[in-house]
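All remarks here apply to the structure that follows.
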Amino acid sequence: MSSGRNDLEIGYDVPAAIGDAVEDIQTPALVIDLDAFERNVERMRCHIESMDVRLRAHAKTHKSADIALFQIAKGGACGVCCQKVSEAEALVRGGVRDILVSNQVTGPLKVERLARLAGRARIIVCVDDATNVAALSKAAQSVGSTIEVLVEIDCGARRCGVQPGVPAADLARCVAATPNLVFSGLQAYHGSAQHIVDPVERRAAIASAIEMTRDTVRLLAEHGLECAIVGGAGTGSFDMEGCSGVYNELQCGSYIFMDADYGRVRDDDGGMVGGFEHALFVLTSVMSKTAPTRAVCDAGLKALAVDSGLPLIFDRPGIAYAAANDEHGKIDDPGNRLAINDRLLLVPGHCDPTCNLHDWFVGVRNGKVETLWPVTARGKLY
C-alpha cells in the first residue's frame, strides 16, 4: 500500500509525501533505497531457486505487511516468520496468509489468540515443552482450529529448544498424538552463528547444527514422523543450510536491508555475505555545529538501535558517528566538512529494532519519494 499526505486532514503525521524530493523528507526518517532493496530481494530469490529450497522470509526484520507481501509476490517467499502473536495478527490483517511464529507462545490469552488466528490463516508455531503442547491443543479444540507445530531443537544457540535426538523425537510424538495439532517438522535455527564474521568459523558452527538436525530428522523418520518443514538459517548462513540437503525452508530476514552488523559478515571471497547491499538508512540532519571537529545530528537512541554497535555514515568518508543520546547523535568531523542542515544517511547497527522505532518506511528512487509503507506491527511485542 502506498500512502500520500493530506496536510489539511492529518497534519504532518508522515515524514514525507509521495513525489517529495529526498531533500524535503523530515528527519530523522527510516528510508529504503528501493533499487538496492529490490536487488536484494531478487538476489535471494535466485539463491533459493538455485538451492531448490523454500524461503520463509522473517518479518521481524521489517514488521511490514507491505514488505511481506512484496517478498511473497516478487521474492519467492512461501510465507513469513514472525516472533509474537500480535505481530502475526497485524500481518494477517494486512493480508498475509501463511505465518510461522518462530518462537514459543505461552500464557493462556496468547495461546487462545493464536488458536483463533489459526482459523483465519495458516499458522505454525514452535514448541519445546510438552505442557505447552497440551495448552495449544486445548485452545485449538475450544475454537475449532488446527495449529501446525514445529519442534524446536537447540542446535547451538543455547536459547530456546529441546535437545536434539531422543528428546526432540519424544516431543514430536507427543505433538503428533495431540488433538487439533499437526506435527509439521523441526525448527533448527542457530542464531548466534549468523554474525560470526569469518566464513570458516561460521561454517564450522553451522556444520555442527546441520549434523544435529540431520540426526534428529533421521530418528524421527524411524518413528514414522516425516518433516514437511526443516526450518532455520538466516542471512549470515543461508547458503550453508540451503545446500545441506537437510533444510528445506530458510528463514532469512535482514538480507533485504543489510545493517552495519551484517555488513561485517564476510563471504568466502571477502565480500558482503550473499552479495547483498545496504538498502535501509536513517536519514538525519545536522542540527548543531558549535565546534569545528564536532557536529550533532537529530538521530539518537529514539531513532536507531545501537545494541549491535553504532551506525555507519554511508558514503561519507572522513566523518563518523561517535555517540548516541536520546535525541542527538554526536559526529566526529575532523575536517570541519559539515554544516547545519546537511543530510546524512546512517546505516543502523541492527535493522530489526531500528524499524520498530519508526511508523513509516520512506521508499525513495531517483531522488524522489516513491512510496510510504507503514510499519504495520510496530510495538507488537505481546
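The values are calculated or read from the model by the stated rules, or taken from the named source; none is laboratory data. Nothing here was measured: the structure is a model prediction, and the numbers come from that model. Counting neighbours? That spans all protein chains shown, and the Cβs are built from the backbone with ideal geometry, glycine included.
When you scan the stretch 21-33, how many residues do you find that are charged (D, E, K, R) and either buried (at least 20 other Cβ atoms within 10 Å of the Cβ) or not assigned by TED's automatic domain parsing to the domain that holds LEU345 (or both)? Break it down into steps so the answer makes sense when it comes.
Our first condition is that a residue be charged (D, E, K, R); within the stretch 21-33, this holds for 23-24, 33.
Those left that are additionally either buried (at least 20 other Cβ atoms within 10 Å of the Cβ) or not assigned by TED's automatic domain parsing to the domain that holds LEU345 (or both): 33.
Matching residues across the stretch 21-33 total 1.
Being buried (at least 23 other Cβ atoms within 10 Å of the Cβ) and assigned by TED's automatic domain parsing to the domain that holds GLU226 holds for only one residue in LEU109, LEU100, and it is LEU100. When VAL85, VAL151 are checked against the criterion of being among the β-branched types (Val, Ile, Thr) and free of Cβ contacts under 8 Å to residues at least 60 places away in the same chain, VAL151 stands alone in meeting it.
Within the stretch 77-123, the set of residues being closer than 15 Å to LEU181 by Cα and of a type in the set (Asp, Glu) comprises GLU112 only. Under the condition of being closer than 25 Å to ARG218 by Cβ and in contact (Cβ under 8 Å) with a residue 40 or more places away in the chain, the residues counted in the stretch 191-203 number 3. Of all the listed residues (ALA172, ALA188, ALA140, ALA221), the sole one being of a type in the set (Gly, Ala, Ser), within 13 Å of VAL246 (Cβ to Cβ) and touching a residue at least 24 places away in the same chain (Cβ under 8 Å) is ALA188. Taking (1) within 20 Å of HIS58 (Cα to Cα); (2) assigned to a loop (DSSP other than H, G, I, E, B) in turn, PHE361 satisfies each apart from (2).
In the set (1) closer than 17 Å to GLU148 by Cα; (2) small (Gly, Ala, Ser); (3) surrounded by fewer than 21 Cβ atoms within 10 Å (Cβ to Cβ); (4) out of contact with any helix residue (DSSP H, G or I) (no Cβ under 9 Å at 6 or more places or on another chain), ALA36 fails one condition alone, (1).
Of the residues making up the stretch 242-256, those that are in a helix (DSSP H, G or I) and either of a type in the set (A, V, I, L, M, F, W, C) or without any contact (Cβ under 8 Å) to a residue 60 or more places away in the chain (or both) number 1.
The residue list ASP315, ASP307 contains one member that is in the same structural domain as ASP20 (by TED's automatic domain parsing), within 25 Å of VAL265 (Cβ to Cβ), touching a His at 6+ places or on another chain (Cβ under 6 Å) and surrounded by fewer than 18 Cβ atoms within 10 Å (Cβ to Cβ), which is ASP307.
Screening the stretch 244-284 for residues that are hydroxyl-bearing (Ser, Thr, Tyr) and within 22 Å of VAL375 (Cα to Cα) and picking the one that is surrounded by the most Cβ atoms within 10 Å (Cβ to Cβ) gives TYR255.
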